[in-house]
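Worksheet for the structure shown next.
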Amino acid sequence: MSFPKNFLWGGATAANQYEGGYNSGGKGLAVCDFLKGGDNIRHIARKFLFQLPDGTQKELTPFEDIPQGAIPIMEENTYYPSHDATDFYHHWKEDLALTKEMGCNFFRMSLNWTRIYPNGDDEKPNEEGIVFYENIFKECQKLGITPLVTLNHFDCPLHLANAYDGWVSRHTLEAFERFVTTVFTRYKGLVHYWLTINEINLNGMYMMNGIHEQNSNIQNKEQCRWHLFLGSAYAVKKGHEIDPTNKIGLMIAQSATYPYSCKPEDVFAEVKGSNEYKWFYGDVMVRGYYPSWKVKELERNHITIKKDDGDAQLLKEGTVDFYSFSYYSSNVYAADPKNHTFTETNLVQTIQNPYLKATDWGWTIDPLGLRIILNQIYDRYQIPMMIVENGLGAIDKLEEDGTVNDDYRIDYMRNHIKIMKQAIEEDGVDLIGYTAWGFIDLVSGGTGEMRKRYGFIYVNRDDDGNGDFSRIRKKSFYYMQKVYTSNGEDLD
Ligand code: BGP
């Protein structure tokens, strides 16, 4: 027996890349609604346009330092990917029926904070927004699909970014606490699996943190992280109080991490790099306190995080029930990075690995890396794990006969699911679920492109915002259906 009988199989989505309806049903504006599309082929990064306090305007990427007082603005006649995304807002019933048909018993989605609290910190929630998600969860229940709900997926309300400097401020944390209390209360009995903050380790993005001077002001950066950890811990604690049957997990952008060589300096560079990039976050959220190297680093940099009484206690009490992560590729570290060639990967850059092939977007393909990290995570924390994103972003061709023959995606899925099976069977890791990223085509988070497709279901929409959003089953749809309905046994 490999995959356990009750293994959770599904697809993963995020509101800012999938839902659309950005100004319908009483929804307020979020920072991500101002992020334009990019173009990987022409090397155009996704950007925001800001109005600066001196009256000038400036375009900046989500990773750059946003000057104090800068306010994102929306231009007319410009395509903003989140506005319609791939229109789950109007297609949710059809899409849930498709997930069912594909054999899923699990479905990952995120809530738009501003659909429920239009400004993020309103006194009362927007009932229409609450009912929108409630209907989705009821439909899931009817279909026998367990929802997995991300409380925050790269999503900061515009008002909180503009008026409070996002997650630097305690006000944003308190607003988040109110938001999660509302959703745990209103969706009690309908949702039992939750993720707190998507890819919390990629918190250096304006669309997620809403903060200014995030690079030039380390104090801001660390304060923001502290508040994100507290937000997550509060969610875990409150979620358990409201419904003790809730299972609440963290979400980290994982990757296998390798030293470039066996030179001890390269090995140590990997230790330091992976500590900073990923283990720090897992350690805080599973163990409930900062690791010693981080405490020392803060001291060295003369950073004193502002804490309220009870914060440290909350971190301890709000440790997660399971460890979940996205896995797309692996990263390489060297002591002398300047002498190496770099390539893109999930929202960061890494040294190129000469042993691995990469996707058209430069992300290495490394199924064995998944087995390595499943072992490392399980050895380190000994709690159940879920892979909540994994998949291949590729250009698909819709043939004249209406088919999409994505054998490359089938290979990717087969190789990764085989590895999961080995990790369970041979290494005994406690893996309880798998949601393939973008089981249906979505807007790419990193580049804002539609042409970077992950889905097993094609959505008729292009990079200029044309298309009728019709859904077409790709060849991989039928492959995944076979895998899911055989509980991962039939992988040929
Ligand atoms: C993860 C995010 C997703 C999605 C995915 C694929 O980081 O959680 O939101 O963006 O990556 O990335 P991309 O769309 O850039 O290929």
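The values are calculated or read from the model by the stated rules, or taken from the named source; none is laboratory data. Keep in mind that this is a model prediction, so the values were computed, not measured. Cβ sites come from the backbone with ideal geometry, for glycine too, and all protein chains shown count toward neighbours. All accessible areas refer to the heavy atoms of the entire protein, side chains included, with ligands and DNA or RNA removed. Shrake-Rupley method; radii C 1.70, N 1.55, O 1.52, S 1.80 Å.
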Thr196 within 16 Å of the ligand (Cβ to nearest atom) and out of contact with any helix residue (DSSP H, G or I) (no Cβ under 8 Å at 6 or more places or on another chain) | no
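Being hydrophobic (A, V, I, L, M, F, W, C) and touching a residue at least 40 places away in the same chain (Cβ under 8 Å) is the filter here, so list the residues in segment 327-342 that pass it.
Pass one, segment 327-342, residues hydrophobic (A, V, I, L, M, F, W, C): 332, 334-335, 342.
Those that are hydrophobic (A, V, I, L, M, F, W, C) and touching a residue at least 40 places away in the same chain (Cβ under 8 Å): Val332, Ala334, Ala335.
Quick one: is Tyr434 open to solvent by 10 Å² or more (accessible area, probe 1.4 Å) and aromatic (Phe, Trp, Tyr)?
Numbers: open to solvent by 10 Å² or more (accessible area, probe 1.4 Å): no; aromatic (Phe, Trp, Tyr): yes.
Criteria not met by Tyr434.
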Is one or more of the residues making up segment 216-228 at pLDDT 95 or above and either small (Gly, Ala, Ser) or within 16 Å of the ligand (Cβ to nearest atom) (or both)?
-> yes
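Take the residues in segment 107-142 that are basic (Lys, Arg) and open to solvent by less than 10 Å² (accessible area, probe 1.4 Å); name whichever of them is nearest to Gly249 (Cα to Cα). Reasoning before the result, please.
Our first condition is that a residue be basic (Lys, Arg); within segment 107-142, this holds for 108, 115, 124, 138, 142.
Then drop every residue that is not open to solvent by less than 10 Å² (accessible area, probe 1.4 Å), which leaves 108, 115.
Details: Arg108: 13, Arg115: 23 Å.
Applying the filter and picking the extreme gives Arg108.
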Residue satisfying all of: in segment 3-26; over 20 Å from the mean Cα position of the chain (by Cα) and open to solvent by 20 Å² or more (accessible area, probe 1.4 Å); farthest from the ligand (Cβ to nearest atom) among these | Lys5
Filtering segment 285-323 down to residues that are touching an Asp or Glu at 6+ places or on another chain (Cβ under 7 Å) and in contact (Cβ under 8 Å) with a residue 24 or more places away in the chain yields Leu298, Ile303, Ile305
Over segment 340-391, the set of residues open to solvent by less than 40 Å² (accessible area, probe 1.4 Å) and acidic (Asp, Glu) is Asp366, Glu389
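Please go through segment 157-193 and pick out each residue that is among the hydroxyl-bearing types (Ser, Thr, Tyr) and either within 16 Å of the ligand (Cβ to nearest atom) or under 30 Å from Gly144 (Cα atoms) (or both). Break it down into steps so the answer makes sense when it comes.
Residues of segment 157-193 among the hydroxyl-bearing types (Ser, Thr, Tyr): 164, 169, 172, 181-182, 185, 187, 193.
Across segment 157-193, the qualifying residues are Thr181, Thr182, Thr185, Tyr187, Tyr193.
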Residues in segment 42-57: is at least one open to solvent by less than 10 Å² (accessible area, probe 1.4 Å), of a type outside the set (Ser, Thr, Tyr) and more than 24 Å from the chain's Cα centre (by Cα)?
-> yes
Give segment 307-343 a look and list any residue that's within 16 Å of the ligand (Cβ to nearest atom) and within 27 Å of Leu431 (Cα to Cα), or say none.
-> Tyr323, Ser324, Phe325, Ser326, Tyr327, Tyr328, Ser329, Ser330, Asn331
Note down all Cβ pairs under 7 Å where the first residue falls in segment 8-25 and is more than 11 Å from His90 (Cβ to Cβ), the second is β-branched (Val, Ile, Thr) and within 16 Å of the ligand (Cβ to nearest atom), and they're at least six residues apart or on different chains.
-> Gly10/Thr435; Gly11/Thr435; Gly11/Ile440; Ala12/Val388; Ala12/Thr435; Ala14/Thr150; Gln17/Val443; Tyr18/Thr86
Within segment 78-90, of all residues that are in contact (Cβ under 8 Å) with a residue 60 or more places away in the chain and open to solvent by 30 Å² or more (accessible area, probe 1.4 Å), the one nearest to Gly465 (Cα to Cα) is Tyr79
What's the number of the condition Ile145 fails, among (1) within 16 Å of the ligand (Cβ to nearest atom); (2) open to solvent by less than 10 Å² (accessible area, probe 1.4 Å)?
-> (1)
Candidates Pro67, Pro72, filtered to the one that is under 23 Å from the mean Cα position of the chain (by Cα) and open to solvent by less than 50 Å² (accessible area, probe 1.4 Å) | Pro72
Return a yes/no flag: does segment 347-365 have any residue that is within 17 Å of Met413 (Cβ to Cβ) and in contact with a helix residue (DSSP H, G or I) (Cβ under 6 Å, 6 or more places away or on another chain).
-> no
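Looking at this structure, is Tyr484 more than 13 Å from the ligand (Cβ to nearest atom), among the hydroxyl-bearing types (Ser, Thr, Tyr) and surrounded by 22 or more Cβ atoms within 10 Å (Cβ to Cβ)?
Numbers: more than 13 Å from the ligand (Cβ to nearest atom): yes; among the hydroxyl-bearing types (Ser, Thr, Tyr): yes; surrounded by 22 or more Cβ atoms within 10 Å (Cβ to Cβ): yes.
Considered against the rule, which asks whether it is more than 13 Å from the ligand (Cβ to nearest atom), among the hydroxyl-bearing types (Ser, Thr, Tyr) and surrounded by 22 or more Cβ atoms within 10 Å (Cβ to Cβ), Tyr484 comes out as yes.
Can we say Tyr454 is without any contact (Cβ under 8 Å) to a residue 40 or more places away in the chain and within 16 Å of the ligand (Cβ to nearest atom)? Lay out the reasoning, then the answer.
On the way: without any contact (Cβ under 8 Å) to a residue 40 or more places away in the chain: no; within 16 Å of the ligand (Cβ to nearest atom): yes.
Criteria not met by Tyr454.
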Tyr408 vs. criteria free of Cβ contacts under 8 Å to residues at least 40 places away in the same chain and either of a type outside the set (A, V, I, L, M) or crowded, with 24+ Cβ neighbours inside 10 Å (or both) = yes
Only one of (1) out of contact with any Leu (no Cβ under 6 Å at 6 or more places or on another chain); (2) at pLDDT 95 or above; (3) under 28 Å from Arg42 (Cα atoms) is not met by Asp360, so which one is it?
-> (2)
Are there any pairs with C-beta distances below 6 angstrom linking a residue in segment 390-404 that is touching a residue at least 24 places away in the same chain (Cβ under 8 Å) to a residue that is among the basic types (Lys, Arg) and not in a strand (DSSP E or B), with the two at least 6 apart or on different chains, and if so which?
-> Leu392/Arg409; Gly393/Lys452; Ile395/Arg451; Val404/Lys474
